[in-house]
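Every number here is computed from the coordinates shown, using simple stated rules; none is lab data. Computed from a prediction, not measured in an experiment: that's the story for all the values here. For neighbour counting, all protein chains shown are included, and Cβ atoms are generated from backbone atoms with ideal geometry for every residue, glycine included.
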Amino acid sequence: MRAQRLDDTAPFGSGPEAAHAAIAHLGYVQIDTINVIERCHHHILYARIPAYRRDDLDQLQARDKSVFEYWTHALSYVPSADLRYFVPAMKAWRANPSAWFGTVSKAEVAAMTRRLEAQGPLSIRDIDDDELVDKTHPWASRKPSKRVLQLMFYQGLVAIAARDGMLKTYDLADRHFGWETRPRPATARQISAYLLDRALRSQGLVSLDSICHLNAKAKPGVREVIEARVRRGQLVPVRIAGEDKLAFWGDPETLAAQPEIADRVHILSPFDPLIILRKRLKLLFGYDHVFEAYIPQAKRQFGYFALPVLVGDRVVAAIDLKTDRVANRLLTQQWTWIEDVGSQTRAAIDAALDRFSAFQLGR
């Protein structure tokens, strides 16, 4: 709870600098396309910054350029100061373009580069001279230029200079960041240490699974760094009661702290960093969250887009919410109690929902 900064009311303050501090502390904030309620990147920041405004994130990305978008375990906002840890992945994409993007020729990349040089930043809507093609999978675009821009993004040749919902504006990375020299790529050892430090800062107690979420190939390198720090006394092995197989570690200072957790209420996104590590969530909080948007309706327990309700350090309910943007109101589709709570806690949850509704609807 302390590591996630959910133990305080407004741990980062307010304004764009608070949003930057939150992203820097968490290491990254996931972006998702689902828009049943507010998109998860805004929701995650709101959970830690009660005064958060969506323009704060836009300022960081488009004007301050202190955060950038790239792939972590999903597409995410990442502090620009950490970009060097992603340069090797970008170089790997240039060396081995994935078939996911179809056949993208060097000539197409060169042509898009010239177009951006001449016309400035472009969104896919700005490109209206494509010869449309059939989709190769449901998430593809009929515009070949989108495939080219996506590949160039993963290659680090272009950056997402601005975002309006899911509409992305691309610019040449060198021009967007205004680099005099490009960031020097981190070594494999430095990347392993970065992944470990990022997890220690935002998780408190870490396992190889939690450090390397959906990144199994990073585990051997991270394990080497962990073992070296254990030998130096910088990390301490931790055993979680009831878990005999999964190894955890923490730094001595974190383990010595005994923070008091008040019964603050948080309505969390299913993509919140506290929730997204499902096995860890179940082990430490006794709550088994299942994301049911892709489960047939008849088999759902909590609802299409259920949001866990955290009271102190307990998940006490899951609420399936939906924003009615025509009527400008937040609808409760389903409410599932995980734990019995008293009237005072129910009132606190209702108050938190009122605040959450105001944020959702921009009041």
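Report, in whole Å, the centroid distance computed from the Cα atoms of the range 296-363 and the range 17-39.
19 Å
Across the range 86-177, how many lysine pairs, 8 or more apart or on two chains, come within less than 16 Å at their alpha-carbon atoms?
6
So what is the 222 nm mean residue ellipticity for the chain from helices alone, if each DSSP H run of at least 4 adds -39500 (n - 2.57) and you divide by all residues, rounding to the nearest 500 deg cm²/dmol?
The per-residue figure over the chain is -10500 deg cm²/dmol.
Work out the charge dipole of the range 55-205 with +1 on the Cβ of Lys and Arg and -1 on the Cβ of Asp and Glu about the Cα centre, then indicate which of Thr181, Pro121, Leu57 is farthest towards its positive end.
Thr181
Any lysines with Cα under 24 Å of the Lys245 Cα? List them, leaving off those in the same chain fewer than 8 positions away.
Within the straight-line cut-off, Lys245 pairs with Lys217, Lys219, Lys279, Lys282.
State the extension gain, in nm to one decimal, for the chain segment bounded by Leu255 and Asp313, taking 0.36 nm per residue of separation less the distance between their alpha-carbons.
19.2 nm
At what distance in nm do the modelled label points of Ala118 and Ala247 sit from each other, each positioned 7 Å from its Cα along Cα→Cβ?
5.8 nm
Rounding to the nearest 20 debye, state how big the charge dipole of the range 64-131 is about its Cα centre with +1 on each Lys and Arg Cβ and -1 on each Asp and Glu Cβ.
The dipole magnitude comes to about 420 debye.
Figure the gain on full extension for Ala348 and Gln297 (residue separation times 0.36 nm, minus the Cα-Cα span) and round it to one decimal in nm.
15.4 nm
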